[in-house]
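Here's the structure we're looking at; comments come further down.
The values are calculated or read from the model by the stated rules, or taken from the named source; none is laboratory data. For clarity, every value in this text was computed on a predicted model and none was experimentally measured. Cβ placement follows ideal geometry from the backbone for every residue including glycine, while neighbour counts extend to all protein chains displayed. All accessible areas refer to the heavy atoms of the entire protein, side chains included, with ligands and DNA or RNA removed. Shrake-Rupley method; radii C 1.70, N 1.55, O 1.52, S 1.80 Å.
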Amino acid sequence: FGVIVGNMSNFLTSLCRGVTVRGKSPAPKEKSRVAPQGAAPHPIRRGRDDAVCPITGLSAADTTTIAEGPHRSNGADLTSAQALKAMERDPDIVEERLALFRPRIADKSEVGDAVAAVELLPTALPLSVIQGKHSSTSQTKLLARSVGFKALLQFTSQFYLRCFADPHVDKFIADQHEPHAERFALWILEKFGDGTPWSEERRTRPTREMHLGRQVVAVAFDRSSAHFAAWHSPKREPQKWGEHFKVDDARVWMRLHFWAARETGMFKQHPKFMDYYTRFIGHFISIYSSKAPSFTRESARWSADPENVRAYLAAGNTMRDVIDTPVEQALASLPIEERLYTGSRHSDPAWPYDLQPL
């Protein structure tokens, strides 16, 4: 882990200030000149302090702050560096970073034992979120254990097949040959409290590097760096390269995700897990925008109607009703009770935090 370039947002800030992180040397006969701390690495014309650098997404007058409210990004049009900084402050991301330094947790309980125990649980479990962070419980562990890694891997594998076939989502995936499905399945197990398999995998994960201009950055060693890599995928359109995920991106992602769950029998075979998991996704999707969670239940319902799937396939695997649709217009199409997202720290939280603890 020591070979990884520490904090990605620090890298971006350093790059704008002319500080070398792990870059290629300039031409041999030219001496490298490093700009003073806080100064841009090249002259900036008067009146252009607010211009955004096409490489880093930062500007010389970058003083924008990210509101830390009950949840995450407020939906503003953030630069990639700002979005990354906000993401790295996210309570769940912080917890995942700390998990790397904790002892390995193994579990030897059997799937059959968990299946029987899950039968005794209520149909709908309250989402376990404490101070903005999802916290596993003995109940969530039972839910994950009752499904098991094999079924989760089948689900996540089908999900990535759907992503690879979707021209909108596939642009975010630079390399289809990486073990995306296995990592996702391990992440679910760990977040539900069934050991620490995802953290174990991260400790041995090969370093992946991405070139940004003259700089080389290690990416995809955790969720925030993986998202950063997706924003800068070489498959993306030049005008969108470096943009963080928007609401329509999250909506397409969720529809494909729940469709894969439905195709692999997750809703029928594991209804209690999926009830909780839908809330779980509603919580985690908020890292992209406070507007995204409102569409979680609609995204889960979408694939239950065969006509929706047929229209999507006929359109060349494109969700024409989602992509580039204004957020307010899209929200207006939802049931009234699904439009509001309060975050988990509200005094009277709305879905997915509305169920009271057992």
Over segment 308-344, the set of residues open to solvent by 70 Å² or more (accessible area, probe 1.4 Å) and either of a type in the set (Asp, Glu) or touching a Gly at 6+ places or on another chain (Cβ under 6 Å) (or both) is Asp321, Asp324, Glu328, Glu337
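For segment 260-270, indicate whether the set of residues that are under 21 Å from Ala144 (Cα atoms) and touching a Leu at 6+ places or on another chain (Cβ under 7 Å) is non-empty.
no
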Any chance Tyr288 is buried (at least 20 other Cβ atoms within 10 Å of the Cβ) and under 23 Å from Pro122 (Cα atoms): no
Output the number of residues of segment 277-322 satisfying the condition of being polar (S, T, N, Q) and without any contact (Cβ under 8 Å) to a residue 40 or more places away in the chain. 1
For segment 106-129 the number of residues that are over 14 Å from Lys272 (Cβ atoms) and modelled with pLDDT under 95 is 8
Among the residues of segment 308-358, which ones are of a type outside the set (S, T, N, Q) and touching a strand residue (DSSP E or B) at 6+ places or on another chain (Cβ under 8 Å)? Tyr353
Consider Phe228 carefully, then state whether it is buried (at least 22 other Cβ atoms within 10 Å of the Cβ) and either in a strand (DSSP E or B) or at pLDDT 80 or above (or both). no
Would you mind stating whether Val169 is buried (at least 17 other Cβ atoms within 10 Å of the Cβ) and within 18 Å of the chain's Cα centre (by Cα)? yes
Filter segment 266-275 down to the residues that are surrounded by fewer than 22 Cβ atoms within 10 Å (Cβ to Cβ) and in contact (Cβ under 8 Å) with a residue 40 or more places away in the chain and list them by number. Met266, Gln269, Pro271, Lys272, Asp275
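Within segment 231-259, track down each residue that is assigned to a helix (DSSP H, G or I) and open to solvent by less than 10 Å² (accessible area, probe 1.4 Å). Explain how you work it out, then say what you get.
Here is the first cut: in segment 231-259, the residues assigned to a helix (DSSP H, G or I) are 231, 247-259.
Listed by number, the residues that qualify are Trp231, Ala250, Val252, Met254, Arg255, Leu256, His257, Phe258.
Condition check ((1) buried (at least 21 other Cβ atoms within 10 Å of the Cβ); (2) of a type in the set (D, E, K, R)) across all residues:
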site	(1), (2)
Lys141	no, yes
Arg145	yes, yes
Leu153	no, no
Phe159	yes, no
